[in-house]
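Since the structure comes first, as structure tokens, the remarks are kept for the end.
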Amino acid sequence: MQRFVKNVNPDAPDIANYYLELGKKYSVRGDVAFAQAILETDYFRFTGLVQPDQNNYAGIGATGPENSGASFETPEEGVRAHIQHLYAYASNRSLPEGKELVDPRFDLVTRASAPTWFGLNGKWAVPGDSYGQSIIRLYKTMIVYAVKELNRVNQNIDL
């Protein structure tokens with residue numbers, strides 16, 4: 001995941017492991033959430049409203065020029081907020097035991113209203129009629145890249 005994004009943006013932050021680790025804790029696909037972060041941040045180049053120092057990889061609260069969205073203290077906290085926001089859309093359960101809420105918009109989400117990535121259409125990004133499809137398309141591109149990398153590495157292994 002990290003190699004994929006670094007292939008496009010060598011300056012991308014090293015946060016893929018946060019997505020995988022935190023995703024497991026919340027039962028959210030961290031690999032697909034990472035693809036969403038790539039989509040939201042233009043490969044972590046931050047060409048939209050949100051700036052890199054905000055550690056906001058999901059555009060949480062970014063609604064227009066007057067509001068560039070939420071800011072988080074650390075990259076890990078930013079990833080946690082993103083995963084929590086997805087968790088709110090996917091589930092009506094409480095946060096996992098011992099987890100502190102860092103997503104400032106968690107309570108604004110209609111809980112369990114988007115248990116699938118396509119369910120985010122029209123909810124995460126408005127109008128966003130094919131928002132979930134864009135995430136999955138990027139995720140598939142990431143998978144194809146990983147397979148090509150594995151094949152390239154395997155070709156160089158002596159028997």
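The values are calculated or read from the model by the stated rules, or taken from the named source; none is laboratory data. Please read all numbers here as calculations on a predicted model, not as lab measurements. Please note: Cβ atoms are built from the backbone with ideal geometry, for glycine as well, and neighbour counts cover all protein chains shown. Accessible surface is based on the protein model in full, side chains and every heavy atom, while ligands, DNA and RNA are left aside. Shrake-Rupley method; radii C 1.70, N 1.55, O 1.52, S 1.80 Å.
Can you report the number of residues in the range 124-143 which are modelled with pLDDT under 85 and open to solvent by 70 Å² or more (accessible area, probe 1.4 Å)? Working first, answer last.
Taking the range 124-143 and keeping what is modelled with pLDDT under 85, we get 125-127.
Next, only the ones that are open to solvent by 70 Å² or more (accessible area, probe 1.4 Å) stay: 126-127.
So the count comes out to 2.
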remark   = When restricted to Ile60, Ile83, the only residue closer than 17 Å to Trp117 by Cα, in contact with an Asp or Glu (Cβ under 9 Å, 6 or more places away or on another chain) and free of Cβ contacts under 8 Å to residues at least 60 places away in the same chain is Ile60
task = With the checklist (1) modelled with pLDDT of 95 or more; (2) surrounded by 13 or more Cβ atoms within 10 Å (Cβ to Cβ); (3) of a type outside the set (Lys, Arg) in hand, flag the one item Glu100 doesn't pass.
result = (2)
key: Condition met for Arg3 (farther than 16 Å from Leu120 by Cβ, in a helix (DSSP H, G or I) and open to solvent by 10 Å² or more (accessible area, probe 1.4 Å))   = yes
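Here are some residues: Ala146, Ala70, Ala88. Which one is of a type in the set (A, V, I, L, M), open to solvent by 40 Å² or more (accessible area, probe 1.4 Å) and within 18 Å of Tyr19 (Cβ to Cβ)?
Working: Ala70 fails: open to solvent by 40 Å² or more (accessible area, probe 1.4 Å); Ala88 fails: open to solvent by 40 Å² or more (accessible area, probe 1.4 Å).
The match here is Ala146.
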note = When the range 82-135 is checked residue by residue, the ones that are more than 16 Å from Leu39 (Cα to Cα) and of a type in the set (S, T, N, Q) are Gln84, Ser91, Asn92, Ser94, Thr110, Ser113, Thr116
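Let's see how each residue does on (1) out of contact with any helix residue (DSSP H, G or I) (no Cβ under 8 Å at 6 or more places or on another chain); (2) not in a loop (DSSP other than H, G, I, E, B):
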site: Pro13; (1), (2): no, no
site: Ala33; (1), (2): no, yes
site: Ala37; (1), (2): no, yes
site: Arg45; (1), (2): yes, no
site: Leu49; (1), (2): yes, no
site: Ile83; (1), (2): no, yes
site: Ser94; (1), (2): yes, no
site: Glu100; (1), (2): yes, no
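Picking from Asp31, Asp53, which residue would you name as being open to solvent by 10 Å² or more (accessible area, probe 1.4 Å), closer than 17 Å to Ala146 by Cβ and in contact (Cβ under 8 Å) with a residue 12 or more places away in the chain? Walk me through it before giving the result.
Values: Asp53 fails: closer than 17 Å to Ala146 by Cβ.
Checking each option against the conditions leaves just Asp31.
How many residues does the range 118-146 hold that are part of a loop (DSSP other than H, G, I, E, B) and over 14 Å from the mean Cα position of the chain (by Cα)?
Within the range 118-146, the subset part of a loop (DSSP other than H, G, I, E, B) is 122-124, 126-130.
Filter once more, keeping what is over 14 Å from the mean Cα position of the chain (by Cα): 122-123, 126-130.
Count: 7.
Table: residues versus (1) more than 24 Å from Tyr139 (Cβ to Cβ); (2) open to solvent by 20 Å² or more (accessible area, probe 1.4 Å); (3) small (Gly, Ala, Ser).
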residue: Glu77; (1), (2), (3): no, yes, no
residue: Ile83; (1), (2), (3): no, no, no
residue: Leu95; (1), (2), (3): yes, yes, no
residue: Arg105; (1), (2), (3): no, yes, no
residue: Leu108; (1), (2), (3): yes, yes, no
key: Yes/no for Asn9 being open to solvent by less than 40 Å² (accessible area, probe 1.4 Å), within 12 Å of the chain's Cα centre (by Cα) and over 23 Å from Thr116 (Cβ atoms)   = no
